[in-house]
Each structure stands twice: as structure tokens, then as C-alpha cells.
Amino acid sequence: MSDLYRELILDHYKNPRNHGELDPCDAHAQGQNPLCGDDIAISMNFSGDDVSEVRFTGRGCAISQAAASMLMELVEGRSVTELAELPKEELLDEIGVPLEKNPARLKCALLSLGVLKLALHRAKGTPLPEEWAGFEER
């Protein structure tokens, strides 16, 4: 892992973007990675079909929390449809660390994306991707 990406992950972990809760909110979901204990909750508000505000709370490893922070920067202002189709590769590119060979770390990095898609599915009826179909709220 390059020093630049290591620093970026640590910066997002120590100084998370859009951290907190929205109350009231138009959409909310929470998810957990039972293998490592990572926990993420996401709340959103919409303006028409666009996300006007998004916040997350959680606890867990640096990768899961930094990935959630990075995802928050990718989400705000985008359309519900665009986010429902957001590929995991876009978030992984943003993280910048090759995680494909480390399945445990990959799950940490993608937890927030699963929670986001679950929140969109529940609030707006967007299709839930097959890989997230078994995702349960805790």
C-alpha cells in the first residue's frame, strides 16, 4: 500500500466526512459485519430524486470507517438511480488500496456501500443488488 493511500485512509478515519445522524431523515439503514464487528448506519434526505444530505455513524476498523467517509463524499448530490447502480469498483478506486486479494478487508471496505443500497431500497424501492440481498439490518 502506498504511503499516499495509507495517509488518505488515516485522514478519513481520524477526520470522517459527513459523520453524524440526520433526524428526521428520509432514509436510514444499519448494517454490521459479524466477522469483525464493524458497524455502519447511514441516514439520508432527498430533494426530488437526488440525495441532498447524507451522514453516517459507526465503529470499526480504519478501512470500514474511512470507506464510509469516502462514500459520503461520493453520494451527496447524486441521483437515487445513479447510486442504486453505483458499482463497488468506484468506491474501491476511491479507497485506492488493492483489497481484492484480502476478502476480510474487502468486506470491511464495502460494508457502507451495502448499507447505502439497503437504505435506498427501503426508501425509494430501488433494486437491491443480488450480492446485497441477504444483507440484514441489525
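Quick look at the values:
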| item | result |
| --- | --- |
| Cβ pairs under 8 Å, 6+ apart, first in the range 26-37 and aliphatic (A, V, I, L, M), second assigned to a loop (DSSP other than H, G, I, E, B) | A29/E137 |
| For E53: the one exception among (1) touching a residue at least 24 places away in the same chain (Cβ under 8 Å); (2) under 22 Å from K107 (Cβ atoms) | (2) |
| Qualifying residue in the range 45-52 (condition: modelled with pLDDT of 95 or more, aromatic (F, W, Y) and closer than 26 Å to G96 by Cβ) | no |
| Residue in the range 61-72 that is assigned to a loop (DSSP other than H, G, I, E, B) and modelled with pLDDT under 95 present | yes |
| Every residue from the range 84-113 that is among the hydrophobic types (A, V, I, L, M, F, W, C), in contact (Cβ under 8 Å) with a residue 60 or more places away in the chain and assigned to a loop (DSSP other than H, G, I, E, B) | V97 |
| Residue list for the range 23-42, restricted to those being in a loop (DSSP other than H, G, I, E, B) and surrounded by 17 or more Cβ atoms within 10 Å (Cβ to Cβ) | C25 |
| Conditions (1) in contact (Cβ under 8 Å) with a residue 60 or more places away in the chain; (2) under 13 Å from the mean Cα position of the chain (by Cα); (3) closer than 20 Å to K124 by Cβ; number of the one not met by N18 | (1) |
| Filter result for the condition that a residue is buried (at least 16 other Cβ atoms within 10 Å of the Cβ) and either closer than 22 Å to N15 by Cβ or among the aromatic types (F, W, Y) (or both), over V97, V80 | V97 |
| Failed criterion for Q65 (all others in (1) under 14 Å from the mean Cα position of the chain (by Cα); (2) within 19 Å of H121 (Cα to Cα); (3) polar (S, T, N, Q) hold) | (2) |
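The values are calculated or read from the model by the stated rules, or taken from the named source; none is laboratory data. Model, not experiment: these values are computed from the prediction. Please note: Cβ atoms are built from the backbone with ideal geometry, for glycine as well, and neighbour counts cover all protein chains shown.
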